[in-house]
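The values are calculated or read from the model by the stated rules, or taken from the named source; none is laboratory data. Predicted model only: the values in this text are computed from it and were never measured. Heads up, the Cβs are rebuilt from the backbone with ideal geometry, glycines too, and the neighbour counts pull from every protein chain shown.
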Amino acid sequence: MELMVVVAIIAITAAFAILNLIGRRADVKLQGAVNNLKGDLNVARTMAVRENARVVVLFSENGYQVFVDNGSTEWNFDPGEERMVRDRQLPAGVSIDLAATDLDSDRTRFNERGLPDPSNLGTMVLVDSNGGQGQIQMNRLGRLTVQ
């Protein structure tokens, strides 16, 4: 009888621990996606200075593209003419909330000096399937702040 009580207590404790781990999984995915986006934006800014060219970041609901823009197709990626830096798909359950993201036309770019386009500053918002939210704010100097 004592052995059955001990096994039951262990089973109940394990069930709570597993449920807690499953709930944290979405938070970890969201935080990882936010960190990846911040890192990729910093790469875009550095690439703009290094290449002495504009680097564009285009956002969609399930990911984003970063490419060196030669100016032949304003804001759009031309595979024959422009070089892709990143084509990142977000993990399952994480998306970019385009309605809450306050960038003009869901895009931004960095000029040859590494400064963001003045009309495309603001906040990028990522959400997970549990309603969690991560935000990255970009100021006029290209500084990124995670909230």
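The table for this structure:
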| quantity | calculated |
| --- | --- |
| Criterion violated by residue 104 - all others in (1) of a type outside the set (S, T, N, Q); (2) out of contact with any helix residue (DSSP H, G or I) (no Cβ under 6 Å at 6 or more places or on another chain); (3) touching a residue at least 12 places away in the same chain (Cβ under 8 Å); (4) exposed (fewer than 14 other Cβ atoms within 10 Å of the Cβ) satisfied | (2) |
| Residue in segment 75-82 that is touching a residue at least 60 places away in the same chain (Cβ under 8 Å), under 28 Å from residue 133 (Cα atoms) and not β-branched (Val, Ile, Thr) present | no |
| Among residues of segment 117-132, those that are farther than 16 Å from residue 59 by Cα and touching a residue at least 40 places away in the same chain (Cβ under 8 Å), counted | 4 |
| Any hit, segment 119-142, residues being touching a Gly at 6+ places or on another chain (Cβ under 8 Å), at pLDDT 85 or above and part of a loop (DSSP other than H, G, I, E, B) | yes |
| Residues located in segment 109-123, provided they are farther than 19 Å from residue 135 by Cα and among the hydrophobic types (A, V, I, L, M, F, W, C) | 110, 115 |
| Residue among 40, 87, 78 that alone is at pLDDT 85 or above, acidic (Asp, Glu) and outside any helix (DSSP H, G or I) | 87 |
